[in-house]
Amino acid sequence: MSRSVATRYAEQVYAGVLGKIIGVYLGRPVEGWPYPELRDRFGELSYFVNDQLGEPLVVADDDVSGTFAFARAIEDHGYPDVLEPGQVGDTWLNYIIENRTILWWGGLGRSTEHTAFLRLKDGVPAPRSGSAALNGPTLPEQVGAQIFSDAIAMAYPG
């Protein structure tokens, strides 16, 4: 008996979400460490390293909360066939509590997400608010901006 397309899709989304959460939580305690330092400190891993570092395993993290908060744009805008950048920008402005939730608040020109949010607040519409034309080539290419798009990709496969 073959599984339906909807069942396979639901299972794949669940696996993607679970993989993202595992990667975020297990990787967070050593985020930014160079490989040689990880290898020298821990060797081959068969355990969670957070305890050795005195870090909790599960904490609020923008890479998880941002992904799913921004997916609210889909429902909030009536499940459109194509989700427009401006709709996502509106969702950011509706759900983000400045300097408190969802984003890494690293500052204008330093944090991809914070910069785009500040531009949105100043009336610069998406996608220009986070664009290379406005913010230079490096900032929009940081992984922080890309990691939030995971939920959108899962909601709109293909």
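Table: residues versus (1) charged (D, E, K, R); (2) open to solvent by 50 Å² or more (accessible area, probe 1.4 Å); (3) farther than 30 Å from Trp92 by Cβ.
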position: Ser4; (1), (2), (3): no, yes, yes
position: Arg8; (1), (2), (3): yes, yes, yes
position: Leu18; (1), (2), (3): no, yes, no
position: Pro29; (1), (2), (3): no, no, no
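Of the residues making up segment 59-68, just one is part of a helix (DSSP H, G or I) and free of Cβ contacts under 8 Å to residues at least 40 places away in the same chain, namely Ser65.
Would you pick out the residues in segment 69-93 that are part of a helix (DSSP H, G or I) and exposed (fewer than 14 other Cβ atoms within 10 Å of the Cβ)? Within segment 69-93, Glu75, Leu93 qualify.
Look through segment 31-42, keep the residues that are part of a helix (DSSP H, G or I) and open to solvent by 50 Å² or more (accessible area, probe 1.4 Å), and return whichever of them is farthest from Thr67 (Cα to Cα). Among those residues, the one meeting the criterion is Asp40.
Per-residue answers, yes or no, for (1) more than 18 Å from the chain's Cα centre (by Cα); (2) modelled with pLDDT of 95 or more; (3) exposed (fewer than 11 other Cβ atoms within 10 Å of the Cβ); (4) of a type in the set (Val, Ile, Thr):
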residue: Leu26; (1), (2), (3), (4): no, no, no, no
residue: Glu44; (1), (2), (3), (4): yes, no, yes, no
residue: Val58; (1), (2), (3), (4): no, no, no, yes
residue: Asp61; (1), (2), (3), (4): no, no, no, no
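Residue count for segment 94-138 under the criterion of being outside any helix (DSSP H, G or I) and over 19 Å from Ala71 (Cβ atoms): the result is 18.
The values are calculated or read from the model by the stated rules, or taken from the named source; none is laboratory data. From a predicted model like this one, the values you see are computed outputs, not experimental measurements. Methodologically, a virtual Cβ is constructed for each residue, glycine included, from the backbone with ideal geometry; neighbour enumeration extends over all protein chains shown. Side chains are part of the model used for accessible areas, which takes the heavy atoms of the whole protein and leaves out ligands, DNA and RNA. Shrake-Rupley method; radii C 1.70, N 1.55, O 1.52, S 1.80 Å.
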